[in-house]
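To keep things clear, I will list the structure first and then write my remarks on it.
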Amino acid sequence: MGAIEAFTNAFSLVIRNKRLYLLVLLMSLMMAPLGAYLIPGDIGYEYNQTSMQKGNVIIEEYGTPIDGNEVDMLIELLKGIIIYSVIALIVGAIFEYGITKGVFMHLNGEEYSLGSLMMEGLKHFPGVILINFVYGLIMMVFIGVAAVPIVLGALFLPAGAVLVLLGIILIFASVAFALGLSSLAVPFYVDRRSIGAAFEAFGAAFRNVLSTIGFGVLLGVGVIAIMMVASPIAFVTRMVLPENMALYVSAFLQAPFDALLYLFIWTAGVAFYREIQKMEELKKVDEELLELGIDV
């Protein structure tokens, strides 16, 4: 029930915090042209066919020989991806902290200004980066461990089909749990004002495994739904406009959906954090009542 309650509350919080959406939209509009400039849509490769004759046998070779220009293009692409990733990491951390802080202040009935939220984000973004990096590694570990039965099962097919099926279920559950777990980290950090507090999310998530998995599933479904609405925009834009123009137009047209996606994810994390707090408090009350000999 906690997962469903948090998920529905997230939508309500997004609707009630339109000013926060404008702030995230600003971020998306800032990053849109940068991404289109630094990361081109595609790289052209020449597909060549060569042939030679040895006696009565004609040998044909098919391939994409890489020349110096293509190597330079690949290097430029990698540079662009790295530069964009670093900028997006920093900017995203600033806005994530600010938006999370704003949602907490809204729930507490406190007034806030968008400028003050950005100042808070600037002060604390290194902590957000560290937390997201650690939890990203944790997610990879979870998925890697869950994939072990699939690998073992594939080695012993058809008898190993059961292991493969078990592995698929474990990966699905691990990804959902990791999503729920990681969504709690920054809210813990913002609310408790301590990086160490962010890692208390482990205990809270493991004490509420089913709720964490359920919330992760719902969060994943919500993200996919928003992405499915936005994806046709890029397709239609690139079909209609020239490639160099389509990249920029598509990026700007998708920016409002990107902003909605980020706001939803960050707000949902706060909503789930609050639900986890309620469940933890209820458990404490139940334990105290049991100590007094009262069975609820």
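What about residue 196, is it out of contact with any Phe, Trp or Tyr (no Cβ under 7 Å at 6 or more places or on another chain), farther than 30 Å from residue 101 by Cα, open to solvent by less than 60 Å² (accessible area, probe 1.4 Å) and not hydrophobic (A, V, I, L, M, F, W, C)?
Details: out of contact with any Phe, Trp or Tyr (no Cβ under 7 Å at 6 or more places or on another chain): yes; farther than 30 Å from residue 101 by Cα: no; open to solvent by less than 60 Å² (accessible area, probe 1.4 Å): yes; not hydrophobic (A, V, I, L, M, F, W, C): yes.
The answer is no for residue 196.
Identify, from the list 229, 240, 186, the residue that is open to solvent by less than 30 Å² (accessible area, probe 1.4 Å) and under 27 Å from residue 30 (Cα atoms).
Result of the check over 229, 240, 186: 186.
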Discussion item. Tell me yes or no: at least one residue of segment 255-266 is within 22 Å of the chain's Cα centre (by Cα) and either outside any helix (DSSP H, G or I) or closer than 15 Å to residue 185 by Cα (or both).
Written reply: yes
Fill in: Residues of segment 68-114 that turn out to be free of Cβ contacts under 8 Å to residues at least 60 places away in the same chain and farther than 13 Å from residue 20 by Cβ, as a count
29
Practice prompt. Test residue 207 against the stated conditions and say whether it is closer than 27 Å to residue 2 by Cα and more than 22 Å from the chain's Cα centre (by Cα).
Written response: yes
Discussion item. Quick check on segment 131-154. Is at least one of its residues surrounded by fewer than 17 Cβ atoms within 10 Å (Cβ to Cβ), assigned to a loop (DSSP other than H, G, I, E, B) and of a type in the set (Phe, Trp, Tyr)?
Written reply: no
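Pick from 172, 188: which is at pLDDT 90 or above and either out of contact with any helix residue (DSSP H, G or I) (no Cβ under 9 Å at 6 or more places or on another chain) or closer than 25 Å to residue 19 by Cα (or both)?
Details: 172 fails: either out of contact with any helix residue (DSSP H, G or I) (no Cβ under 9 Å at 6 or more places or on another chain) or closer than 25 Å to residue 19 by Cα (or both).
The conditions single out 188.
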Worksheet, complete the sentence: Output for Cβ contacts, cut-off 6 Å, separation at least six or different chains, first residue within 8 Å of residue 25 (Cβ to Cβ) in segment 253-264, second open to solvent by 50 Å² or more (accessible area, probe 1.4 Å) and assigned to a helix (DSSP H, G or I), reads 255/29
Worksheet item: Can you pull out the residues in segment 155-183 that are of a type in the set (S, T, N, Q), open to solvent by 20 Å² or more (accessible area, probe 1.4 Å) and under 14 Å from residue 269 (Cα atoms)?
Response: 182
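Taking segment 109-128 only, how many residues are outside any loop (DSSP other than H, G, I, E, B) and open to solvent by less than 40 Å² (accessible area, probe 1.4 Å)?
Selection size over segment 109-128: 5.
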Item to complete: Confirm whether residue 161 is of a type in the set (Gly, Ala, Ser) and closer than 24 Å to residue 9 by Cβ.
Response: no
Fill in: Residue match in segment 180-187 (condition: part of a helix (DSSP H, G or I) and in contact with a Lys or Arg (Cβ under 9 Å, 6 or more places away or on another chain))
yes
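The values are calculated or read from the model by the stated rules, or taken from the named source; none is laboratory data. Model, not experiment: these values are computed from the prediction. Backbone-built Cβ (ideal geometry, glycine too); neighbour counts: all protein chains shown. For accessibility, only protein heavy atoms count, side chains too; no ligands or nucleic acids. Shrake-Rupley method; radii C 1.70, N 1.55, O 1.52, S 1.80 Å.
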